[in-house]
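Q: Here it is, the structure, as C-alpha cells.
The values are calculated or read from the model by the stated rules, or taken from the named source; none is laboratory data. From a predicted model like this one, the values you see are computed outputs, not experimental measurements. Positions of Cβ are backbone-derived with ideal geometry, glycine not excepted, and every protein chain shown enters the neighbour counts. Please note that ligands, DNA and RNA were not included when accessible areas were found on the heavy atoms of the full protein model with its side chains. Shrake-Rupley method; radii C 1.70, N 1.55, O 1.52, S 1.80 Å.
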Amino acid sequence: MARIYVSIGSNIQPRRYIKTGLAELRQHFGKLLLSSIYETEAIGFKGDNFYNLVAGFDTNE
C-alpha cells in the first residue's frame, strides 16, 4: 500500500470545485488526510486568489 499526497487548488468557484474534487477522491480512495486550506495570490497572471490544500490517501493501485 502506498500513501499518496496531491496538491489541490482552484481560483474559479474554489469552494464548489474543491468540494467536488474531495468528494470524488473520497469515493474512490476512502478516508482522506487533509491539510488546512490556505489562500494565495495568482502569480504570472491577473486573476482571483487561489484556495489550496493537500490531500493524502492510501492506495493499492
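Q: Heavy-atom accessible area per residue, the chain, 1.4 Å probe: how many Å²?
A: 78
Q: Round to a whole number: what % of the accessible area of the chain belongs to carbon and sulfur, probe 1.4 Å?
A: Numbers: 2510 of 4750 Å².
Within the chain, the accessible surface is 53 percent carbon and sulfur.
Q: Around S10, which amide H atoms from residues at least 5 apart in sequence, or from another chain, sit under 5 Å from its own amide H, with H modelled in the peptide plane?
A: Distant-sequence amide H within range of S10: Y51.
Q: Then there's this: Which distance in nm do the two modelled labels at T20 and T40 give, with both placed 7 Å along the Cα-to-Cβ direction?
A: Using points 7 Å along Cα→Cβ, the separation is 2.3 nm.
Q: Show me, for the range 51-60, the HN-Hα J-couplings you get by feeding each phi into the Karplus relation (A = 6.51, B = -1.76, C = 1.60, θ = phi - 60°), rounded to Hz, glycine and proline as x.
A: With the stated coefficients, the range 51-60 comes to 9, 9, 7, 10, 10, x, 7, 9, 8, 9 Hz.
Q: Where does the chain land at 222 nm, in deg cm²/dmol rounded to the nearest 500, when only DSSP H runs of n ≥ 4 count, each adding -39500 (n - 2.57), divided by all residues?
A: -8500 deg cm²/dmol
Q: In the range 1-45, which GluC sites (Glu not before Pro) are in a loop and have at most 12 other Cβ atoms within 10 Å, using DSSP for the loop call? Spell out each step's value before the answer.
A: Numbers: sites: E24, E39, E41; in loops: E41.
Listed in order of number, the matching sites are E41.
Q: Give me Rg/Rg_expected for the chain, where Rg uses Cα atoms only and Rg_expected = 2.2 N^0.38 Å with N residues. Mind showing how you got there, number by number?
A: Values: Rg = 12.9 Å, N = 61, 2.2 N^0.38 = 10.5 Å.
It is 1.23.
Q: With point charges of +1 on the Cβ of Lys and Arg and -1 on the Cβ of Asp and Glu, referenced to the Cα centre of the chain, which listed residue (A23, G47, I37) lies farthest in the positive direction of the dipole?
A: A23
Q: What are the ³J(HN,Hα) values, in whole Hz, obtained from phi via the Karplus relation 6.51 cos²θ - 1.76 cosθ + 1.60 with θ = phi - 60°, for each residue of the range 3-11 in sequence order, with x given for Gly and Pro?
A: 9, 10, 10, 10, 8, 10, x, 7, 10
Q: With a 1.4 Å probe and all protein chains kept in place, how do K19, K46 rank by accessible area, largest first?
A: Details: K19 150, K46 200 Å².
Highest to lowest solvent-accessible surface, that is K46, K19.
Q: Now for a different question. If you fit an axis through the alpha-carbon atoms of helix 14-29 and take the longest principal axis of the Cα set of the chain, what angle between them do you get, 0 to 90°, nearest 10?
A: Computed tilt is about 10 degrees.
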